[in-house]
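See below for the structure under consideration.
The values are calculated or read from the model by the stated rules, or taken from the named source; none is laboratory data. This structure is a prediction, so every number in the text was calculated from the model and none was measured. So basically every Cβ, Gly included, is an ideal-geometry build from the backbone, and we count neighbours across all protein chains shown.
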Amino acid sequence: MSGKNKGNPKSDQSKLWMEEALLKLMATENYYDITIQEITDHAGLSRRSFYRNYSSKDEILEGSFYKIWLEYRAQIHKGADLSLPGIAKIFFTEMVKHRDFLTLVNRQHLLPFFLTKADELLPLAFYEVKGDKLALPKESIDYALSFSSGGFMHILIRWLNDDAQKSPEEMAEILRDFILMCNFSG
């Protein structure tokens, strides 16, 4: 996430306007065809304001994903049940809150941005919650976390493609049943 002008209220408002403008444009245009000029015109801001806050339009999405991540991470820290199904419930509870945004991003095939951020942030969150004294070597944990983030991203895409019909509880149950069927621990 861009650290430019972090904590500056005027900058924060400009970022919000640019995010809203980008999302509005994405509803009718291909993401890759949207220009910085279109974003700033729709936001009522100058290109200079854009470049004070961002290096590229990708950073707008990255910031949106980071906000979702922070909400998810906060719930993980509060979570009593950190089994894989428990984490699935927390994950989908947070994703439901951002369903419209995620549906739009998925329709544009941009969820790999989210996966890239998850791959960066998941290990940090995992070690915050679990600590660094674990039975498995760090390399094994890192591979398992990559597996987990990729799996959750694909489940998210499937869920969105199915119009997000299943509740977070149902998604957790699906994962629990699969783990039991495969006789995985969890």
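So which of Phe184, Phe178, Phe152 ends up being aromatic (Phe, Trp, Tyr) and modelled with pLDDT of 90 or more?
Checking each option against the conditions leaves just Phe152.
Can you tell me which residue among Thr40, Thr28 is outside the structural domain of Ile155 (by TED's automatic domain parsing), buried (at least 19 other Cβ atoms within 10 Å of the Cβ) and either under 21 Å from Glu173 (Cβ atoms) or of a type in the set (S, T, N, Q) (or both)?
Step by step, each of Thr40, Thr28 is checked, and only Thr40 is outside the structural domain of Ile155 (by TED's automatic domain parsing), buried (at least 19 other Cβ atoms within 10 Å of the Cβ) and either under 21 Å from Glu173 (Cβ atoms) or of a type in the set (S, T, N, Q) (or both).
Among the listed residues Phe178, Phe126, Phe101, which satisfies the condition of being of a type outside the set (Lys, Arg), part of a helix (DSSP H, G or I) and surrounded by fewer than 17 Cβ atoms within 10 Å (Cβ to Cβ)?
When all the criteria are applied, what remains is Phe178.
Give me the residue from the range 57-86 that is without any contact (Cβ under 8 Å) to a residue 24 or more places away in the chain and either of a type in the set (A, V, I, L, M) or assigned by TED's automatic domain parsing to the domain that holds Ser14 (or both) and, out of that set, surrounded by the fewest Cβ atoms within 10 Å (Cβ to Cβ).
Filtering the range 57-86 for residues that are without any contact (Cβ under 8 Å) to a residue 24 or more places away in the chain and either of a type in the set (A, V, I, L, M) or assigned by TED's automatic domain parsing to the domain that holds Ser14 (or both), the one surrounded by the fewest Cβ atoms within 10 Å (Cβ to Cβ) comes out as Ala80.
Which of the residues spanning the range 60-90 are assigned to a loop (DSSP other than H, G, I, E, B) and either within 14 Å of Ser148 (Cα to Cα) or of a type in the set (Ser, Thr, Tyr) (or both)?
Listed by number, the residues that qualify are Leu82, Ser83.
Asp132 - would you say it is in contact (Cβ under 8 Å) with a residue 12 or more places away in the chain and over 22 Å from Ala172 (Cβ atoms)?
Criteria not met by Asp132.
Give Leu23, Leu121 a once-over and let me know the one that is at pLDDT below 95 and of a type outside the set (Lys, Arg).
The match here is Leu121.
Just checking, which of Asp142, Asp163, Asp177 is on the phi > 0 side of the Ramachandran plot, out of contact with any strand residue (DSSP E or B) (no Cβ under 9 Å at 6 or more places or on another chain) and among the charged types (D, E, K, R)?
Sole residue among the options that is on the phi > 0 side of the Ramachandran plot, out of contact with any strand residue (DSSP E or B) (no Cβ under 9 Å at 6 or more places or on another chain) and among the charged types (D, E, K, R): Asp163.
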